[in-house]
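Accompanying notes for the structure given below.
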Amino acid sequence: MFLGTSGSMPTATRAPAALLIRRGGERLLFDCAEGTQRQLLRSSVGLVDLQEIFLTHFHADHMLGLPGMLKTFALRGRELPLTVYGPRGLVELVGSLRRVLGKLSYEVELVELTPGDTVERDGYRLATFGVRHGVSALGWSLIERLRPGRFDVEAADARGVPPTLRGRLQRGEQISVDGRTVAPDEVLGASRAGRKLVVTGDTAPSDEVVEAAWEADVLVTEATFADEDRERAAETLHQTATQAAEVGRQAGVAMLALTHLSNRYFGPEIAKEAQAIFPASVVPRDFDVIEVPFPERGGPQLVKGGAAHRREADPVSSAAQ
């Protein structure tokens, strides 16, 4: 869910960088630029009590909304702890904001990571990788573990496996039926791939990004400039739409989502440039959503305005006014 897709400055239609990943009941926020909490309030999600925030780097257009969001949570009387992950320098940064934040009603844990670190979760892991932006910065990969193969009901019936024990087989456990061992591979098909989503934050073209994004379902990366401004992109360690498309093509991703657009562009020109090299390129706007199903159910799909808050029509009263 794209909360902010502009570059260094907001525009009338695009806020600065923020991306929310929704996986089951989890809500993972990547970057927290100015106005992110208002973008959440304007969305169909609302300003939920996030448990984790992940920062790519500490440039203002990626983290300036963090102090305000932390303070808002405190003003609401939050007690649930919150964890902020980021590159080296995170502890010093938040420490310098203490005078602004004051006393919070909840605990904030700060976790500094370096490229190559992983955060293990139930069913997936978050892996960090290096990007080229001239400052301490991290890219993030969400990589799901292999899932068990499809359960073969007929094979289970033939082996006399009662319904109450089938869940254990699906979890990879051996069971005993009438004194005979039944192994998971007797009733399960081949393991199925999980999903992979990669978020780079700001970066110049990089072989490390290509490696990290290898065969990802979705790569979310920047296209701050069009290729006519390639020199400016090189000077500022950003990339053009052409360069980003080449990264997506080399990595073999299923979909390339381009964000962090300079305010000199509207979007269609960036999309046209990227699609000439890598057709599976999209340029989301704020409140667009990319739905990422499991691979056997099809490829990722861009849903325009999929997270926009839709107000119900005001009721019309027939009573006298």
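The values are calculated or read from the model by the stated rules, or taken from the named source; none is laboratory data. Nothing here was measured: the structure is a model prediction, and the numbers come from that model. Note that each Cβ is placed from the backbone with ideal geometry, even for glycine, and that neighbours are counted across all protein chains shown. These area figures cover heavy atoms from the full protein model, side chains too; ligands, DNA and RNA do not enter into them. Shrake-Rupley method; radii C 1.70, N 1.55, O 1.52, S 1.80 Å.
If you scan segment 185-205, which residues turn out to be more than 18 Å from the chain's Cα centre (by Cα) and under 21 Å from Thr5 (Cα atoms)? Can you show your working first?
Here is the first cut: in segment 185-205, the ones more than 18 Å from the chain's Cα centre (by Cα) are 185-193, 204-205.
Hits for segment 185-205 are Ala204, Pro205.
In segment 21-52, which residues are open to solvent by 10 Å² or more (accessible area, probe 1.4 Å) and either of a type in the set (Gly, Ala, Ser) or part of a helix (DSSP H, G or I) (or both)?
Gly24, Gly25, Gly35, Gln37, Arg38, Gln39, Leu41, Arg42, Ser44, Gly46
Within segment 183-196, can one find any residue that is closer than 26 Å to Ile21 by Cα, among the polar types (S, T, N, Q) and open to solvent by less than 50 Å² (accessible area, probe 1.4 Å)?
Taking segment 183-196 first, the residues closer than 26 Å to Ile21 by Cα are 191-196.
Now narrow it down to the ones that are among the polar types (S, T, N, Q): 191.
Checking the rest, the ones that are also open to solvent by less than 50 Å² (accessible area, probe 1.4 Å) come to none.
Scanning segment 183-196 turns up no residue that is closer than 26 Å to Ile21 by Cα, among the polar types (S, T, N, Q) and open to solvent by less than 50 Å² (accessible area, probe 1.4 Å).
Could you name every one of the strands (runs of 3 or more DSSP E) located completely within segment 87-158 that has at least 2 residues being among the small types (Gly, Ala, Ser) and modelled with pLDDT of 95 or more? Working first, answer last.
Details: elements: 108-112, 118-121, 124-129, 139-144.
The strands (runs of 3 or more DSSP E) meeting that bar are 139-144.
Are there any pairs with C-beta distances below 9 angstrom linking a residue in segment 112-123 that is at positive phi and exposed (fewer than 14 other Cβ atoms within 10 Å of the Cβ) to a residue that is at pLDDT below 95 and in a strand (DSSP E or B), with the two at least 6 apart or on different chains, and if so which?
Listed pairs, sorted by first residue: Gly123/Arg147.
Which residues, counting only those in segment 169-182, are closer than 24 Å to Gly123 by Cβ, open to solvent by 90 Å² or more (accessible area, probe 1.4 Å) and either hydrophobic (A, V, I, L, M, F, W, C) or at pLDDT 90 or above (or both)? Spell out how you get there, then give the answer.
As a first pass, look at segment 169-182 and keep what is closer than 24 Å to Gly123 by Cβ: 169-175.
Retained after the next criterion (residues that are open to solvent by 90 Å² or more (accessible area, probe 1.4 Å)): 171, 174.
Gln174 - this is the single residue of segment 169-182 that is closer than 24 Å to Gly123 by Cβ, open to solvent by 90 Å² or more (accessible area, probe 1.4 Å) and either hydrophobic (A, V, I, L, M, F, W, C) or at pLDDT 90 or above (or both).
So is Ala158 exposed (fewer than 15 other Cβ atoms within 10 Å of the Cβ) and either farther than 24 Å from Ala216 by Cβ or touching a His at 6+ places or on another chain (Cβ under 8 Å) (or both) or not? Reasoning before the result, please.
Details: exposed (fewer than 15 other Cβ atoms within 10 Å of the Cβ): yes; either farther than 24 Å from Ala216 by Cβ or touching a His at 6+ places or on another chain (Cβ under 8 Å) (or both): yes.
Taking the combined requirement at face value, the residue satisfies it.
Name the residues in segment 63-93 that are exposed (fewer than 15 other Cβ atoms within 10 Å of the Cβ) and touching a strand residue (DSSP E or B) at 6+ places or on another chain (Cβ under 6 Å), would you?
Answer for segment 63-93, where residues must be exposed (fewer than 15 other Cβ atoms within 10 Å of the Cβ) and touching a strand residue (DSSP E or B) at 6+ places or on another chain (Cβ under 6 Å): Arg88, Val91.
Among the listed residues Thr224, Thr164, Thr200, identify the single one that is β-branched (Val, Ile, Thr) and out of contact with any Ser or Thr (no Cβ under 7 Å at 6 or more places or on another chain). Full working, then the answer.
Numbers: Thr224 fails: out of contact with any Ser or Thr (no Cβ under 7 Å at 6 or more places or on another chain); Thr200 fails: out of contact with any Ser or Thr (no Cβ under 7 Å at 6 or more places or on another chain).
After applying the criteria, what remains is Thr164.
Give the residues of segment 210-219 that are open to solvent by less than 10 Å² (accessible area, probe 1.4 Å) and either in contact (Cβ under 8 Å) with a residue 40 or more places away in the chain or part of a helix (DSSP H, G or I) (or both), sorted by residue number. Steps first, please.
Of the residues in segment 210-219, the ones open to solvent by less than 10 Å² (accessible area, probe 1.4 Å) are 213, 216, 218-219.
Passing the criteria: Ala213, Ala216, Val218.
Does any residue of segment 187-194 turn out to be at pLDDT 90 or above and closer than 30 Å to Leu256 by Cα?
Yes - at least one qualifying residue is present in segment 187-194.
In the set Ala60, Ala12, Ala18, which member is closer than 30 Å to Ala226 by Cα, crowded, with 23+ Cβ neighbours inside 10 Å and aliphatic (A, V, I, L, M)? Break it down stepwise before answering.
Values: Ala60 fails: crowded, with 23+ Cβ neighbours inside 10 Å; Ala12 fails: crowded, with 23+ Cβ neighbours inside 10 Å.
Testing whether each residue is closer than 30 Å to Ala226 by Cα, crowded, with 23+ Cβ neighbours inside 10 Å and aliphatic (A, V, I, L, M) leaves just Ala18.
Given the criteria among the acidic types (Asp, Glu) and outside any helix (DSSP H, G or I), does Asp202 qualify? Explain how you work it out, then say what you get.
Working: among the acidic types (Asp, Glu): yes; outside any helix (DSSP H, G or I): yes.
Spelling it out, Asp202 is indeed among the acidic types (Asp, Glu) and outside any helix (DSSP H, G or I).
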